[in-house]
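Each remark here refers to the structure printed beneath this line.
What follows draws every value from the coordinates through simple rules; no lab data is involved. Note that the structure is a prediction, hence the values are computed from the model and not measured. Neighbour counts run over all protein chains shown; Cβ positions are idealised from the backbone, glycine included.
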Amino acid sequence: MRNALRPFTLITLALACSITAQAANDKPVRLPEFSWRAALHTPPDAALVRVELPAPALGALQSHSYNDIRVYDNVGQALPLALLPAPATPPTETAGASVPALPLHQSSAQGDRMTARVEVRSSGQGGVQRLQMQWSSTPAAQGGDALQAALFDLRNVQGDIAALDLDISLPDNSPVHVQASTSKTLQQWNSLPTTGPLYRFAGDSAPRNTRLQFNKTHTLHGQFLLLQWPATAGVQVSALRTQFVSTAPAPAMVEAQLPAGEPAPNGQGLEWTLPSGAHVQSVQWRLPAPNQLRTFQLQGRRASGPTGSPSPAWEPLGTVVAYHLVQEGAARHNAPHPLPPGAWKSLRLSDWPGGATPAPETLQVSLQLQPVRLAFLANGQAPYTLAVGRTDTPAAALPLGTLTNASATPAESWPLATIGAAVNVPSSQAQRFGDRWRYFLEDSKARTGFLWIVLAAAVLALGAVALQLLRSAQKAAPADSASDAHKNPPAPGH
């Protein structure tokens, strides 16, 4: 009996301590209160783990600041986490085709050099009396004098140019500063700032630089490029190769499908309710039937107030042109329609004035959501659970530096957890659970009464243990007396 009561007593005392500790917190955040929950599979022996929220989790968000995201361990303890920024993708560099240098010489248009002699005669009083100019011509040298410059025709070159790799002959151990200019007419030139000189030092492993780097990227389509350098023996440029830089691609959006739209109350269009906390970048409108083109007017309502309810005013968001065309066996669809920044709560789509209201089945609507990534400290008992979607949730994310300062590797190198089986509970049901739980923890009378009940149960359990110990002691006393009498019998004659 003692062994059976001991676990019950310990559990009761632990429950009392747990209830008391949680009652001290005004608004505890528990796992069942979240509307979307999924198992996380983490690599073994991983301390810091990354997580990328899938589309259903983004659709369940209630906080535009991502406050309602938690990671719990196997015993329901929330783990430290931090939000990760979008991954930085460095721009890529690609080489263009080789462009030859154009012959450039210093000569007159007629092939001769023209020289002039000016003679000015003045009177004694200093006034000019006569001005005489005499011209003479001398044949130009064969081919003219080569200039310390090179001209390139880049009028057909498109793209953002970051640098030029030159096919150039350089003197040893003599840096050469090259100036770059552009012109569309070969008359007015605009300077392009560059960084650093070109050089070639003697020796097989000596440093060498034949790249002309610009301070920023330039688009030189439709222009001539002129390279000039000081009079230095042994410098000759025969060709160049452009180095293009592509801008870093934007992070891939997460696509979330919306259900069919509901008819607007005024009967003029369809309406959709958007996720409260998701950052919607654009909306994709698709026409299922081929060879169709429709024009719509788009309106939206922003979320307002602490509860995120939609504002009463509808804002115009432009015209949407949706099409589905099939040409040569290939289907073509319209691009997503971008939305202005902000927390959008509702969308309304109506036909162009004079048209009929679109039927719900004639449109397929999906959202392009901004991806959300986080990292957490896997210091609890596995398995772990990712929980998303809870109203009025306080922020719990730590600054990212709190986790990165404790790691010797960058955050992008941390292992990535995989999303397992998910449970999607309606928000109203999860909210009811949270309301019932907070009723005991926030209402003073209910909390006090519940604590008295728990403490009374603990006292009863302890009393049962004491009573059992007392009965055991009473049963053991006669047995001990009989044993002593058997060991020590009375003497004869007594």
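Counted over all Cα-Cα pairs of region 320-370, pairs farther apart than 18 Å make up 48 percent.
If you take the charge dipole of region 254-369 about its Cα centre, with +1 on Lys and Arg Cβ and -1 on Asp and Glu Cβ, which of His279, Pro265, Asn291 is farthest toward its positive end? It is His279, whose Cα lies furthest towards the positive end. Kirkwood radius and radius of gyration were both taken over the C-alpha atoms of region 254-369, and their ratio Rg/Rh is 0.97.
When each of the peptides 320-333, 209-222, 451-464 is scored by the mean number of other C-beta atoms lying within 10 Å of its residues, the order from highest to lowest reads 209-222, 451-464, 320-333.
Amide H contacts under 5 Å for Asn334: Tyr323, restricted to partners 5 or more places along the chain or on a different chain, H placed in the peptide plane at 1.01 Å from N. Derived scalar couplings between HN and Hα for region 44-55 equal x, 6, 9, 8, 10, 10, 9, 9, 10, 6, x, 4 Hz in order, rounded to whole Hz, by the Karplus curve 6.51 cos²θ - 1.76 cosθ + 1.60 (θ = phi - 60°), x for Gly and Pro. Residue-normalised convex hull volume from the C-alpha trace of region 238-295: 200 Å³ per residue. In whole angstrom, region 312-426 maps to an equivalent ellipsoid with semi-axes of 41, 20, 16, each derived as √(5λ) from the alpha carbon gyration tensor and ordered largest first. Charge tally around Leu274: other residues with Cβ under 11 Å, Lys/Arg +1 each, Asp/Glu -1 each, net +2. First select every other residue whose beta carbon is under 13 angstrom from the beta carbon of Pro336; then total the charges, Lys and Arg +1, Asp and Glu -1. Once positives and negatives cancel, what remains is 0. Around the amide H of Leu416, modelled in the peptide plane, lie the amide H atoms of Arg50, all under 5 Å away and 5 or more residues distant in sequence or on another chain. The mean sequence separation of alpha-carbon pairs under 8 Å and at least six residues apart, normalised by the residue count of region 254-369, gives a relative contact order of 45 percent. Annotation: peptides 48-60, 408-420, 290-302, ranked by per-residue average of other Cβ atoms within 10 Å with the highest first, follow the order 48-60, 290-302, 408-420.
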